[in-house]
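S.K.: Here it is: the structure, laid out below.
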Amino acid sequence: MSLNDDDFMRYSRHLLMDDIGEVGQEKLTQAKVLIVGLGGLGCPVALYLAAAGVGQIDLCDPDRVDKTNLQRQVLYRTEDCGELKVACAKDRLHALNSGITINVLAREVDVDILSGPSLTEAYTAIVDCTDNLAARQLINKTCYEQRIPLISAAAVGWEGQLVAFDFRRYRQLCFSCIIDYKSTEPMMNCSNFGVVGPVLGVMGSLQSITVMRMLLGFFEQHGELQRYDGKRGQWLTMQCASDTSCSICGPTDR
Amino acid sequence: MINLLFFGRLGDCALDVDKSIFYQDDLATPLDVRDWLAKAHGDLGKALSEPQVLVSVNKRVVKWDHPLADNDELAFLPPVTGG
Ligand SMILES: [Zn+2]
């Protein structure tokens, strides 16, 4: 698939850039990306990836729009309340860019969904925008096993976290090395503690740029953890280490 | 000295905590420091004992039993799981 006249206009600001250009835009066009969770993080991720021309975006979320979502989930409108998030999101994203394919998966994420858009094909990247540890761990495990790049973010209150893994290139250090598989949920999450909308915008934007870097071949920070504190305007970047007792990437076959 | 950093909302629980402490044998790991802090600052101790609190030493995420050295920067990070 190559770029048509409309694409040359639409993506002209990418094409002007030496390190994206036609070659880079084709990489975005050919990519198939799964976004798991269409909440506060998933909305900006989906918007930016659709606008950037990622060729296929699959949206996974079983939830319906609720009035309490509207303070931060920027794809939805008041009249969407009660509708499936993925259906509303697909409409909005298609209005933004009708040249890309968008599929909806209105159910809880599972291995089948994560395993790819078809039986013979894996996703180019998976974006973890979920709100619970069980889903995050399942996504991590599947991405690790199937060597799919994983871009994971989270937010609560004024704070955000981003960590990404290029499992195509690295076989040590995964999400479970950092957050133990068996650990329990902390007391607070977005539904019981609250969250500031733009924090999700910051982290979701960072997630979408990390997806683009992954697709374009610019990503080098496997397992680097970034934290943002919006209340104090502070960032902290840390390197993580692989855990030799990790149940996902630990030495079973080495 | 060990320099302490309480990231994000943990900072709100640590307003009256001295951010640099003398390096000493009985504060040999992040876990020791947490237990020592908890004695004088109950709320902070509780917040640091939540599941999924991360610790980093000199910008590297480490385990709670990581050996501390003089002049280390020890950071505590509260859990962030929502989306
Ligand atoms: Zn691991």
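S.K.: Take A:ARG232 and decide whether it is closer than 28 Å to A:PRO117 by Cβ and either open to solvent by 30 Å² or more (accessible area, probe 1.4 Å) or of a type in the set (S, T, N, Q) (or both).
M.R.: Details: closer than 28 Å to A:PRO117 by Cβ: no; either open to solvent by 30 Å² or more (accessible area, probe 1.4 Å) or of a type in the set (S, T, N, Q) (or both): yes.
Taking the combined requirement at face value, the residue does not satisfy it.
S.K.: Right, next: Which of the numbered conditions does B:LEU48 fail, given that it passes all the others? Conditions: (1) exposed (fewer than 15 other Cβ atoms within 10 Å of the Cβ); (2) in contact with a helix residue (DSSP H, G or I) (Cβ under 7 Å, 6 or more places away or on another chain); (3) under 30 Å from A:ALA135 (Cβ atoms).
M.R.: (1)
S.K.: Looking at (1) of a type in the set (Val, Ile, Thr); (2) within 14 Å of chain B (Cβ to nearest Cβ); (3) part of a helix (DSSP H, G or I), find the lone condition where A:THR142 falls short.
M.R.: It is condition (2) that A:THR142 fails.
S.K.: Then there's this: Quick check on segment A:141-153: of everything there that is in contact (Cβ under 8 Å) with a residue 60 or more places away in the chain and under 12 Å from the mean Cα position of the chain (by Cα), which residue is surrounded by the most Cβ atoms within 10 Å (Cβ to Cβ)?
M.R.: A:ALA153
S.K.: Enumerate the helices (runs of 4 or more DSSP H) found wholly within segment A:151-249, keeping only those where 2 or more residues are more than 9 Å from chain B (Cβ to nearest Cβ).
M.R.: Working: elements: A:175-178, A:190-193, A:197-216.
Counting at least 2 such residues, we get A:175-178, A:197-216.
S.K.: Filtering segment A:118-131 down to residues that are within 14 Å of the chain's Cα centre (by Cα) and not small (Gly, Ala, Ser), which residue is farthest from the other protein chains (Cβ to nearest Cβ)? Break it down into steps so the answer makes sense when it comes.
M.R.: Filtering segment A:118-131 for residues within 14 Å of the chain's Cα centre (by Cα) gives A:123-131.
Checking which are not small (Gly, Ala, Ser) leaves us with A:123-124, A:126-131.
On the way: A:TYR123: 18, A:THR124: 21, A:ILE126: 14, A:VAL127: 10, A:ASP128: 8, A:CYS129: 5, A:THR130: 5, A:ASP131: 4 Å.
That would be A:THR124.
S.K.: Pull out all pairs, ordered by first then second residue, where Cβ-Cβ is under 8 Å, the residues are six or more apart or on different chains, the first lies in segment B:16-32 and is over 15 Å from B:ALA69 (Cβ atoms), and the second is in a loop (DSSP other than H, G, I, E, B).
M.R.: Matching pairs, first to second residue: B:ASP16/B:HIS41; B:VAL17/B:HIS41; B:LEU31/B:TRP64; B:LEU31/B:ASP65.
S.K.: Would you confirm, using the coordinates I've provided, whether B:VAL53 is within 9 Å of chain A (Cβ to nearest Cβ) and hydrophobic (A, V, I, L, M, F, W, C)?
M.R.: Numbers: within 9 Å of chain A (Cβ to nearest Cβ): yes; hydrophobic (A, V, I, L, M, F, W, C): yes.
Against the criterion (within 9 Å of chain A (Cβ to nearest Cβ) and hydrophobic (A, V, I, L, M, F, W, C)), B:VAL53 qualifies.
S.K.: I need the strands (runs of 3 or more DSSP E) fully contained in chain B, keeping only those with at least 1 residues that are within 24 Å of A:ASP180 (Cα to Cα) and among the acidic types (Asp, Glu). Steps first, please.
M.R.: Numbers: elements: B:2-6, B:54-57, B:60-62, B:73-77.
In chain B, B:73-77 are the strands (runs of 3 or more DSSP E) which contain 1 or more residues that are within 24 Å of A:ASP180 (Cα to Cα) and among the acidic types (Asp, Glu).
The values are calculated or read from the model by the stated rules, or taken from the named source; none is laboratory data. Keep in mind that this is a model prediction, so the values were computed, not measured. Ideal geometry is used to build each Cβ from the backbone, glycine not excepted, and the neighbour counts take in all protein chains shown. Ligands, DNA and RNA are excluded from the accessible area calculation, which covers all protein heavy atoms including side chains. Shrake-Rupley method; radii C 1.70, N 1.55, O 1.52, S 1.80 Å.
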